[in-house]
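Trainee: This is the structure, below, for whatever I ask next.
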Ligand code: SF4
């Protein structure tokens, strides 16, 4: 049985909003997917803190900066 590694996940979470889903990636993804968004970890820190998690914003950032920041 696979167990969720919440504390390990938190080390890779750049979200500055501190909601209860931090580190619980399945809930985070599901929440933002329902809203037509992506989780904060898809955005560089300066964009993430603005709170615009739309797919359109993600594509705009990706086009401007390339995928290097996702690594
Ligand atoms: S990206 Fe959204 S759901 Fe995930 S931890 Fe941040 S505020 Fe919470």
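Trainee: With an 8 Å cut-off on Cα pairs and a minimum separation of 6 or more residues, tell me the relative contact order of the chain in percent. Numbers along the way, then the final one.
Mentor: On the way: 59 pairs, mean separation 18.5, N = 71.
Contact order relative to length: 26 percent.
Trainee: When a footprinting reagent is the concern and you count Cβ atoms within 10 Å, what order do 65, 2, 53 take, fewest first? Could you put the intermediate results ahead of the total?
Mentor: Values: 65 12, 2 4, 53 21.
Fewest to most other Cβ atoms nearby, the residues stand as 2, 65, 53.
Trainee: Helix-only mean residue ellipticity at 222 nm, the chain, DSSP H runs n ≥ 4 weighted -39,500 (n - 2.57), per residue, nearest 500. What is it?
Mentor: -11500 deg cm²/dmol
Trainee: Can you compute the modelled spin-label distance between residue 58 and residue 26, with each label point 7 Å from Cα toward Cβ, in nm?
Mentor: That separation, rounded to one decimal, is 2.0 nm.
Trainee: What percentage of all Cα-Cα pairs in segment 24-70 are separated by more than 16 Å?
Mentor: Result: 34 percent of Cα pairs exceed 16 Å.
Trainee: Quick one: which of 7-19, 39-51 comes out on top by average Cβ neighbours within 10 Å, and what's the full order, highest first?
Mentor: Peptide ranking by packing, descending: 39-51, 7-19.
Trainee: Under 4 °C and 1.567 mPa s, how fast does segment 1-51 diffuse according to Stokes-Einstein, given a Kirkwood radius computed over C-alpha pairs? Answer in µm²/s, whole number.
Mentor: 114 µm²/s
Readers should treat all values here as calculations from the given coordinates under stated rules, not as data from a laboratory. Given the structure is predicted, the values throughout are model-derived calculations rather than measurements. Methodologically, a virtual Cβ is constructed for each residue, glycine included, from the backbone with ideal geometry; neighbour enumeration extends over all protein chains shown.
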